[in-house]
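Some notes on the structure that comes next.
The values are calculated or read from the model by the stated rules, or taken from the named source; none is laboratory data. Predicted, not measured: the structure shown is a model, and the values here were computed from it. Reconstructed Cβ throughout: ideal geometry from the backbone, glycine too, with neighbour counts over all protein chains shown.
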Amino acid sequence: MRAFTDLLKRELRLITSDHSLLLTLLIAPVLYAFFYGSIYIHKEEEKVKIAVVDADGSSLSRLITKEINTTKIADVVPVANLEQAREKMYQGDVEGYFYIENGLESKVLSLQQGNVVLALNASRFLPSSDLTSAITKICLTLSAGVRLNYFKMQGKGNEVAMQETNPVKLDYRPLFNESGSYGGFLLPGLLALILQQTLLIGLSESMSAEREEKKLSELLRLGRGSLSAMLWGKGLWYFLLYSCYALFFLTVNFQVLNLPLRGSGWDISVLMVLFLLTLIPMGLWIGSLFKSQIVAMQVLAFSTYPIFLITGYSLPYESLPKAIQWISALLPTTPFLKAYQSVTQAGGNLMENRGAIIHLILLWMFFAGLFIFRFRRLEKKEGKMVV
């Protein structure tokens, strides 16, 4: 117990005397969480400009234009012809154009096929995807309404007309992220990634500073010669601090950003504890690979985006190349995000995610063993603790 106390006091002195560590551990997590979170706080895009060319000028075409303009996603910009619409899209004034052909209403009323054209700039996938979904839904709804009125005019009752209009009824109910927004999908994982990366950067900076200042022997001496005591004595302060951050993120940030938290507090707490316990030896091992604190920080900082891409969060894990899947499986982020998303957003529990939990425990033991092995290698370089 004395070794833990001595190492904890020593780590606090190291952090308070190192401005880089103070910035990384005490300011960066909260600043990044609110800064990046504020970018997606509205979660959905609104009033994306789209040019509408109404060559029909009928009551139906005006109704279509009105319905598009009343959606949350679209802001209609009326234009006179296709050439003007294309020019506006090429200039970036609108995200695309919607063309309503001449004679559309007469064709629809006579149950002939009418045509409309939706052209979108797909270089930005969110506006094009949302506009396609909204406009397609409007066109299908209005088409169904026209067919319904036609069948009623043929003397068929409302129920029969409805059945012939819509013989197969689709009951579409998104269970999670009901609005289908990008922010609702991204923010939970982004908060977890901020927690992870700032912790790894802080741990690696702390450990690389020990090598840079040639204090590894002092570290082992305070740990009474026990690498296990040294590992958890040095990591205890980080565990306590980031447990508080995790609680803060899951309460304050989730509430401010209006994110659902469907799982039980106990399951989320156990998952977070396992995640932090796995990250501590991983961060210390990474830091032991560098003799410079600055280099360690730079490597971890630039690893953030690649880690996010290969964990299976933005792209399904099964769709990644096999080599990338193997690398991804060695990162605690991969099983954690899988279980974390299930618990917080889908209301899952630990038993339903036992595969990811076992994966995390195995990685915890793997990185703890890797750190101890690395430290022994450093110790044997000259027959004593050297760098």
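Numbers for the structure displayed
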item	result
Test result for Ile372, part of a helix (DSSP H, G or I), at pLDDT 85 or above and within 26 Å of the chain's Cα centre (by Cα)	no
Breaking point among (1) at pLDDT below 90; (2) surrounded by 19 or more Cβ atoms within 10 Å (Cβ to Cβ); (3) assigned by TED's automatic domain parsing to the domain that holds Ile135; (4) within 25 Å of Leu126 (Cβ to Cβ), for Glu105	(4)
Residue among Thr251, Thr304 that alone is within 18 Å of the chain's Cα centre (by Cα), β-branched (Val, Ile, Thr) and exposed (fewer than 14 other Cβ atoms within 10 Å of the Cβ)	Thr251
Check on Ser17, among the small types (Gly, Ala, Ser), outside the structural domain of Lys234 (by TED's automatic domain parsing) and on the phi < 0 side of the Ramachandran plot	no
Set Ala134, Ala80: member being under 17 Å from Lys49 (Cα atoms), crowded, with 16+ Cβ neighbours inside 10 Å and of a type in the set (A, V, I, L, M, F, W, C)	Ala134
Members of segment 195-241 that are among the small types (Gly, Ala, Ser), in a helix (DSSP H, G or I) and surrounded by fewer than 17 Cβ atoms within 10 Å (Cβ to Cβ)	Ser217, Ser228
Qualifying residue in segment 123-130 (condition: of a type in the set (Asp, Glu) and at pLDDT 70 or above)	yes
Answer residue from segment 18-60, given it is among the β-branched types (Val, Ile, Thr) and over 30 Å from Leu104 (Cα atoms) and is surrounded by the most Cβ atoms within 10 Å (Cβ to Cβ) among those	Thr24
Yes/no for Lys338 being basic (Lys, Arg), modelled with pLDDT of 85 or more and within 20 Å of the chain's Cα centre (by Cα)	yes
Complete set of residues in segment 257-275 that are surrounded by fewer than 23 Cβ atoms within 10 Å (Cβ to Cβ) and under 20 Å from Leu26 (Cα atoms)	Met272, Val273
